[in-house]
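Remarks on the structure that follows.
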Amino acid sequence: MATAASQKQVSKKRKFVADGVFYAELNELLTTILAEDGYSGVEVRVTPIKTEIIIRATRTREVLGEKGRRIRELTALVERRFDFPENSVELFAERVDNRALCAQAQAESLRYKLLGGLPVRRAAYGVLRFVMENGAKGVEVTVSGKLRAQRAKVMKFADGYLLSTGTPKEMYVDQAIRNVDMRQGILGIRVKIMMAYDPEGKSGPKTRLPDDITIHEPKEDTVFPVDTTTPTQEEQQEEEEATTQQQETAGVEITA
């Protein structure tokens, strides 16, 4: 789908729509296949020669498979699904360094806890504690559906500082949504994690928040040295002679 949009002469609007649909379908496909392997997201890089797809996951060994067998199967599947020419797609696996700051990994972890029969409150507080202990600025977990009784309700758990609107929210807040097929019905899970500022850009955005104020230490006042030495007797005599000469010259001019 992305190759067809790039090969034909299409408008920018249609190309953006085609690329967005391709990314959404690819993300949905990899989410269903690699859910148990800690799938955390995908990045697509289009070059004139090949299309590179980088899969981010917490367990890259399972994504690659034995001797790279599974990654080759995924490459063939993507080529058939999206009508890519043969040997025009290359898949890579990138490991997520801090899985506690990845909303998709935590949503998947919460999903397996609920499928294992753990109470909702205990599972949600476990995720909150794990995320906050690993350097997050804020976290929110929302579980909706038939939790205990027949009537559906929403339970929300939050900790720390979390943005809800604006451009900083797009940069700092990572969000993931999952569905859990329980015996009494389907539960909805939403996890939001707000990352902290990181100048290196590894565990958080490089851009500071607009309301983040940095107070610098005041500069020290520069004190210039003052000559406080007393003049010598010779310097005093020279000054007195100079003043007497000036007075004599002034008197001569007046008499003239």
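Every number here is computed from the coordinates shown, using simple stated rules; none is lab data. Values in this document were obtained by computation on a predicted structure and should not be read as measured data. Every residue, glycine as well, gets a Cβ built from its backbone with ideal geometry; the counts of neighbours run over all protein chains shown.
The gain in end-to-end length when the Ala76 to Asn179 segment is fully stretched comes to 34.3 nm, 0.36 nm per residue minus the alpha carbon separation. Largest GNM mean-square fluctuation among Lys137, Lys153, Lys12, using the chain with Cα springs under 10 Å: Lys12.
Percent antiparallel among DSSP beta bridges with both residues in the chain, to the nearest 5?
Numbers: 31 of 38 bridges.
Beta bridges within the chain, antiparallel portion: roughly 80 percent.
Label sites at Glu62 and Ile213, each approximated as a point 7 angstrom past Cα along Cα to Cβ, lie 4.8 nm apart.
Largest GNM mean-square fluctuation across Glu235, Glu200, Glu133, computed for the chain with C-alpha springs under 10 Å, falls on Glu235. Averaging the Cα positions of each part gives two centres, and for the stretch 9-26 and the stretch 100-146 these lie 33 Å apart. Here the calculated FRET efficiency for Lys206 and Arg148, from their Cβ-Cβ distance with R0 = 45 Å, stands at 0.55, rounded to the nearest 0.05. Along the stretch 79-87 the Karplus relation, 6.51 cos²θ - 1.76 cosθ + 1.60 evaluated at θ = phi - 60°, assigns HN-Hα couplings of 5, 6, 5, 10, 6, 7, x, 5, 6 Hz to successive residues, with x for each Gly and Pro. What's log10 of I(q)/I(0) for the stretch 15-156 at q = 0.09, 0.11, 0.17 Å⁻¹, Debye sum over Cα points only, no solvent? Normalising to I(0) and taking log10 leaves -0.36, -0.53, -0.99.
For the stretch 105-202, count all C-alpha to C-alpha pairs, find those more than 24 Å apart, and express that count as a whole percent of the total.
Working: 1132 of 4753 pairs.
The answer is 24 percent, as a whole percent.
Neighbours of Pro205, meaning other residues whose beta-carbon lies under 12 angstrom from its beta-carbon, give a summed charge of 0 when Lys and Arg score +1 and Asp and Glu score -1.
Residues considered: Gly138, Gly188, Gly68. Largest GNM mean-square fluctuation over the chain, using C-alpha springs under 10 Å, is found at Gly68. With the convex hull constructed from alpha-carbon coordinates only, the stretch 2-96 shows a mean projected area of 6.0 nm² over all directions. If you wrap the Cα atoms of the chain in a convex hull and average its projected area over all directions, you get 33.6 nm².
All Cα-Cα separations within the stretch 144-199 were binned at 5 Å from zero, giving a P(r) of 4, 16, 22, 18, 14, 11, 9, 4, 1, 0, each value a whole percent of the pairs.
In terms of the mean number of neighbouring beta-carbon atoms within 10 Å, the peptides 40-50, 214-224 order highest first as 40-50, 214-224.
Each other residue within a Cβ distance under 13 Å of Val89 adds +1 if Lys or Arg and -1 if Asp or Glu, for a net charge of -1.
Tell me the net charge near Asp159. Cut-off is 12 Å between Cβ atoms, Asp159 excluded, with +1 for each Lys or Arg and -1 for each Asp or Glu. Could the numbers behind the result be given before it?
On the way: positive: Arg129, Lys137, Lys156, Lys192; negative: Glu133, Glu140.
For residues surrounding Asp159, the net value is +2.
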